[in-house]
Every structure is written in structure tokens, then in C-alpha cells.
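Report on the following structure.
The values are calculated or read from the model by the stated rules, or taken from the named source; none is laboratory data. Since the model is a prediction, treat every value here as computed from it, not as a measurement. Positions of Cβ are generated from backbone atoms using ideal geometry, with glycine treated the same way; all protein chains shown enter the neighbour counts.
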């Protein structure tokens, strides 16, 4: 019986040794799993931070985009208004140029008339004589005195 006892003890020892090894292996595996879980949790936390950061940036970009669209609309309206004003000013300029051309033409015509009048006036006085500094006699083309004009001193 001692043989059976010894065999039984040996089996028990082997069984215990196997259990210890399995337990040790299981503990190592559990520790590795825990390490992996911690790494995964750290990664997940980092992803959540990145996701939060990306969401924040998206929100900021949407707000900036909204502001830029509003600014672009205002700028477009201002540009359209300025274009309209430019067209109005160009029309006014054409009208002013036309008016200045008319005034210039009128002044040239009046200058010609004035020059003609001065020439006629000068020829009129060239044909008249001043007598005693007070009397002007107009002579006709025949040389006869037509009328006498008194000029006050």
C-alpha cells in the first residue's frame, strides 16, 4: 500500500505542481490582460480628448464660417452699392461734361460775338471825332455829320 500511497502522493504533487503552474500562468495572463486594459483605457481616454478637441474645432470653424458668410454678404452688398454709386457718378460726369461742352461752345460763340461787336464798335469810334473833349460827332459813310452826342465831363 505504500506503493499506492506513494503513487497517489506523486500524482497529488504533480497535480498541485500543474495547478501552481496553471495558476501562475493564469495570473501572468491576468496581469497582461490588466496591462492591456489599462493601455486600451488610456487610448480610449486620448481618443475621447481628441474627439472633444475635434468637436470644439468643428464648432469654432462653423462659427467662423457663419461669420465669414455674413461678412461676405455684407461685402457683396457694399460692392453692389458702390458699383451703383460709380454708375451714378459716371452718369453725372457725362452730364457735367456735356454741360461744360455746351457752356464752352456758348462762351466761344459769345466771345466771337463780343469780338465782332468790339470790332464794329472800334470802327464806329474810328469814324467819329472828339471835339473839345466833350462832343462826339458821328459821320456817315458820306462824311457828313449825322448827329452830335454830348459826353459829360
request  = From (1) at pLDDT below 95; (2) surrounded by 10 or more Cβ atoms within 10 Å (Cβ to Cβ), pick out the condition that doesn't hold for residue 57.
outcome  = (1)
request  = Report yes if some residue within the range 125-139 is surrounded by 10 or more Cβ atoms within 10 Å (Cβ to Cβ), part of a helix (DSSP H, G or I) and modelled with pLDDT of 70 or more; otherwise report no.
outcome  = no
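Within 16 Å of the chain's Cα centre (by Cα) and surrounded by 10 or more Cβ atoms within 10 Å (Cβ to Cβ), is that true of residue 73?
Against the criterion (within 16 Å of the chain's Cα centre (by Cα) and surrounded by 10 or more Cβ atoms within 10 Å (Cβ to Cβ)), residue 73 qualifies.
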